[in-house]
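Scroll down for the structure; my scribbles are underneath it.
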Amino acid sequence: MKKFFQEIKADIKFKSAGPGQKLTDSVGEKAPKEKARQPALHQRRQGPTDEAQMAAAAALARLEQKQPRARGPTSQDSIRNQVRKELEAEATVRGSPVAPGTNEVPGPKEEDSTQLPVSGVYFTCPLTGATLRRDQRDTHIKEAILLHFSTNPVAASIMKIHTFNRDQDKVKLAVDTIAKYLDNIHLHPEEEKYQRIKLHNKVFQERITCLEGTQEFFEAIGFQKMLLPVPDQGAEEEFYVLSEAARAQPQNLVQHREQLLAGEPVRAQLDRQLRVFRPSPLASHFNLPGDFFSLTAEELKREQRLRADAVERLSVLRTKAMREKEEQRDLRKYNYTVLRVRLPDGCLLQGTFYARERLSALYEFIRGALQSDWLPFELLASGGQKLVEDENVALNECGLVPSALLTFSWDAAVVEDIRAAGAELDSSILKPELLEAIEQLS
């Protein structure tokens, strides 16, 4: 038995002794061969090429399609991680990688606006009539108001108060306070204390001085800044004092008060961009520019909140009321919409609207383009849905966003009455000046 174990030990020792060596070889000849093999052991393995990675990704995708989908994660953290990975994968495939941990959505590709039936979203300045892009409207309106000071400083200062200050609650409080000052002057024309306003008064500072345009308004209606002594203090303070010329015409102060109370912010109006196209098989094809999809900073924050809510909904059972609320929230995704109306002769009438405008605005737009604008008509959306003018429903609530093709038809009772009288409705129903500018839809 002892001899048996000795043979096993000798065999193990022999196998672990390494490669063999001839008796005629010297010990020094072995070292170079071992050193020659060492660099090969330390060489780093090169990673796969881009083509190999793409091929591997395609193979994994085919394999996942063949295999049954695994059950989704149940915890909210794992759901968030899964959604984030899917977003990153989509962005990588589209060629616009997203940084890990962000929710940035790649924007739409820019297109040549001259080739589009809708070149963008435009607005009209109510003061100058200029057509403006969305990023130009605020700056242009402010410049127009400032230029208006040279012709009518009272009206310009009122527009500045209502337009330059975004907090409408503070604007209302300031306007009411100024109106009270003017009321006191009108009701007590002989009392000197109502003819002056202390500029460092706490109420005046908190409600009026902090808003843009108030100083210009007081100066425009006849107030002047003056240093006057303060009784029992032995010092002078700054006051607004009504000038003698303004006191002599108290009716003007009443008029300025009414103008101030009736003032409203000056806002750029959406340009309908009315266009008429010839009959075309492309009537239901819309190629909208990026203005209809680009998000402002506030809209981007809202989309991020909606995305986070969508992640949490994956792990929560929803009631019918919750689903309806989500549907209403989806309707608010778009700010603008382009609508085309197919007329009886096949021509197309196109206009741009706010997504939250009511159906009555659409009816008014169409009626303004008709020769016989007094005749009642009907509108049908896709699927035969009838759009009733009297219903207080927004365009997005009818599913007419971000674009839609509608069908125009005369009211059936009107058609019967006209035919009973032996007459027929003209197939060309648009105003002649619109038909002169008709275009080819491309």
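The values are calculated or read from the model by the stated rules, or taken from the named source; none is laboratory data. None of the values given here were measured: they were computed from a predicted structure. Every residue, glycine among them, receives a Cβ derived from its backbone with ideal geometry; neighbour counts consider all protein chains shown. The protein model used for the area step is the full one, side chains on, heavy atoms only, and it has no ligands, DNA or RNA in it. Shrake-Rupley method; radii C 1.70, N 1.55, O 1.52, S 1.80 Å.
Can you pull out the residues in segment 420-442 that are within 16 Å of Arg367 (Cβ to Cβ) and open to solvent by less than 70 Å² (accessible area, probe 1.4 Å)? Answer for segment 420-442, where residues must be within 16 Å of Arg367 (Cβ to Cβ) and open to solvent by less than 70 Å² (accessible area, probe 1.4 Å): Leu425, Ile429, Leu430, Lys431, Leu434.
Is it true that Leu187 is over 16 Å from Glu264 (Cβ atoms), open to solvent by 10 Å² or more (accessible area, probe 1.4 Å), of a type in the set (A, V, I, L, M) and within 35 Å of the chain's Cα centre (by Cα)? Considered against the rule, which asks whether it is over 16 Å from Glu264 (Cβ atoms), open to solvent by 10 Å² or more (accessible area, probe 1.4 Å), of a type in the set (A, V, I, L, M) and within 35 Å of the chain's Cα centre (by Cα), Leu187 comes out as no. Selection of segment 355-370 for residues being charged (D, E, K, R) and either open to solvent by less than 10 Å² (accessible area, probe 1.4 Å) or outside any loop (DSSP other than H, G, I, E, B) (or both) yields Arg358, Glu364, Arg367. Residue count for segment 355-395 satisfying the condition of being aromatic (Phe, Trp, Tyr) and within 22 Å of Asn335 (Cα to Cα): 2.
If you filter segment 190-249 down to residues that are assigned to a helix (DSSP H, G or I) and among the acidic types (Asp, Glu), you find that the one that is least open to solvent (accessible area, probe 1.4 Å) is Glu216. Kindly indicate whether Asp138 is part of a helix (DSSP H, G or I) and either touching a Leu at 6+ places or on another chain (Cβ under 8 Å) or under 30 Å from Leu288 (Cβ atoms) (or both). Yes: the conditions hold for Asp138. Checking each residue of segment 267-277 against the condition of being more than 37 Å from the chain's Cα centre (by Cα) and either open to solvent by 40 Å² or more (accessible area, probe 1.4 Å) or at pLDDT 95 or above (or both) gives no match. Here Ala262 meets each of (1) surrounded by 11 or more Cβ atoms within 10 Å (Cβ to Cβ); (2) under 37 Å from the mean Cα position of the chain (by Cα) with one exception, condition (1).
For the structure I just gave you, tell me whether Gln350 is in contact (Cβ under 8 Å) with a residue 60 or more places away in the chain, closer than 15 Å to Lys431 by Cα and open to solvent by 60 Å² or more (accessible area, probe 1.4 Å). So Gln350 does not fit the description; no.
For segment 277-293, check the following and say yes or no: at least one residue is closer than 19 Å to Pro153 by Cα and assigned to a helix (DSSP H, G or I). No, because not a single residue in segment 277-293 is closer than 19 Å to Pro153 by Cα and assigned to a helix (DSSP H, G or I).
The residue that is surrounded by the most Cβ atoms within 10 Å (Cβ to Cβ), among those in segment 140-181 that are closer than 13 Å to Val266 by Cβ and in contact with a strand residue (DSSP E or B) (Cβ under 9 Å, 6 or more places away or on another chain), is Ile141.
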